[in-house]
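Only the coordinates and a few stated rules stand behind these numbers; no lab work does. Not measured: the values here are computed from a predicted model. Positions of Cβ are backbone-derived with ideal geometry, glycine not excepted, and every protein chain shown enters the neighbour counts.
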Amino acid sequence: MKFYIEAWKAKQAWLDLSTEERTAYADQVGPAVQQMIADGAEVISWGINDADTDNRLDFDFMSIFKFPSDEFAKTFEGMVNAAGWYTYFDQVNIKSSPGTPQDVIAKMIAL
């Protein structure tokens, strides 16, 4: 199992599109997300980054997925790339297997 977190904000290329062009693009992305869910992905959350977040990451939107395997996560990454997402959005990603605070702290200590 893998957790996958995305944080993104619009690039100028997205802002330059008309509302109709943005809607057409979003209409293409929606079915791909639905197919992923049908294939075993779980959407944990999508959200808008609160402006008053302490030490705020400079991205406006986020999503959290749970994928059944690393291979599934990599397939998702390929879909994002193929959709031209990075043409329109500046994005950072985090992918991890589930763990505990003790797992992470032990790894931090071992650095």
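Could you go through region 97-106 and let me know if any residue there is farther than 21 Å from T23 by Cβ and surrounded by 13 or more Cβ atoms within 10 Å (Cβ to Cβ). No, region 97-106 has no match at all. Comparison of F65, F59 shows that the only residue that is assigned to a loop (DSSP other than H, G, I, E, B), surrounded by 15 or more Cβ atoms within 10 Å (Cβ to Cβ) and not small (G, A, S) is F59.
From the list A24, A32, A13, A51, the one residue that fits, being farther than 24 Å from G99 by Cβ, out of contact with any Lys or Arg (no Cβ under 9 Å at 6 or more places or on another chain) and assigned to a loop (DSSP other than H, G, I, E, B), is A51. Being in a loop (DSSP other than H, G, I, E, B) and of a type in the set (S, T, Y) is a condition met by no residue of region 78-88. Within region 30-49, the set of residues being in contact (Cβ under 8 Å) with a residue 24 or more places away in the chain and among the polar types (S, T, N, Q) comprises N49 only.
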